[in-house]
Amino acid sequence: MKPVGILFVCLGNICRSPLAEGIMRDIAKRRSHAASISVDSAGIGGWHVGAPPDRRSIAVAKAHGIDLTGLRGRKIAAADFTAFDLILCMDKSNLRDLRLLAPAATAHKVHLFQTFAAGRDEDVPDPYYEPAEAFEALYQTLEAGCSSLLARFERSS
Ligand code: 4NP
């Protein structure tokens, strides 16, 4: 069966969404769903296209056994709205931007990550100007959300 394609989106594609991508891939692998879920990430903005994730995201991922060093920033493209089954964004500002970008036929794919994963109407706030210590809390938020997301897939498959 074709894997479910999930695209995580944030503003810059260097802090939150690459970390979510790495965490989701790791959880899917550990729970033997690697073949049924395909994960990627992208940014609303293009400032960090081609750049590796922020060193603070790389460091917190590494501390939890996840390697993000091979990831590179990219900007969301029109083709993503057809290529992916789910487009999960980190905050309501991303959601507004994605709703403007999404062709009408694909609008149903776009959701706030925490709402879709766990029924929580909450942002994963932009950590860019936060100290490095804030990234552990970011990791925990994303890990909890990705676990809920996987549990949702397990219930529906
Ligand atoms: P992200 O964080 O959206 O979680 O990747 C940001 C990274 C860079 C910028 C903003 C947010 N920036 O303005 O460059």
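Please treat every number below as a calculation from the coordinates, not as lab data. The structure presented is a predicted model; accordingly, all values stated were derived computationally and were not measured. Because the Cβ atoms are built from the backbone with ideal geometry, glycine has one as well, and the counts that use them run over all protein chains shown.
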Across the stretch 12-42, the tally of residues that are touching a strand residue (DSSP E or B) at 6+ places or on another chain (Cβ under 6 Å) and either more than 16 Å from the ligand (Cβ to nearest atom) or under 19 Å from Phe116 (Cα atoms) (or both) stands at 14
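Residue by residue, here is whether (1) over 19 Å from Phe135 (Cα atoms); (2) surrounded by 14 or more Cβ atoms within 10 Å (Cβ to Cβ) holds:
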{"site": "Val9", "(1), (2)": "no, yes"}
{"site": "Arg25", "(1), (2)": "no, yes"}
{"site": "Pro53", "(1), (2)": "no, yes"}
{"site": "Ile76", "(1), (2)": "yes, yes"}
{"site": "Arg96", "(1), (2)": "yes, no"}
{"site": "Leu100", "(1), (2)": "yes, no"}
Out of the helices (runs of 4 or more DSSP H) lying entirely within the stretch 6-116, which hold 1 or more residues that are closer than 19 Å to Pro127 by Cα and touching a Pro at 6+ places or on another chain (Cβ under 9 Å)? 16-30, 55-63
Output for the stretch 2-11, where each listed residue is near the ligand (Cβ under 6 Å from one of its atoms) and out of contact with any Ser or Thr (no Cβ under 6 Å at 6 or more places or on another chain): Leu11
Are any residues in the stretch 43-79 out of contact with any strand residue (DSSP E or B) (no Cβ under 6 Å at 6 or more places or on another chain), free of Cβ contacts under 8 Å to residues at least 60 places away in the same chain, among the small types (Gly, Ala, Ser) and within 16 Å of the ligand (Cβ to nearest atom), and if so, which ones? Gly45, Gly50, Ala51
Could you check how many residues of the stretch 129-149 are assigned to a loop (DSSP other than H, G, I, E, B) and either away from the ligand (no atom under 14 Å from the Cβ) or under 15 Å from Ala59 (Cβ atoms) (or both)? 4
How many residues are more than 14 Å from Met90 (Cα to Cα) and either in contact with a helix residue (DSSP H, G or I) (Cβ under 9 Å, 6 or more places away or on another chain) or aromatic (Phe, Trp, Tyr) (or both) when one looks only at the stretch 134-146? 3
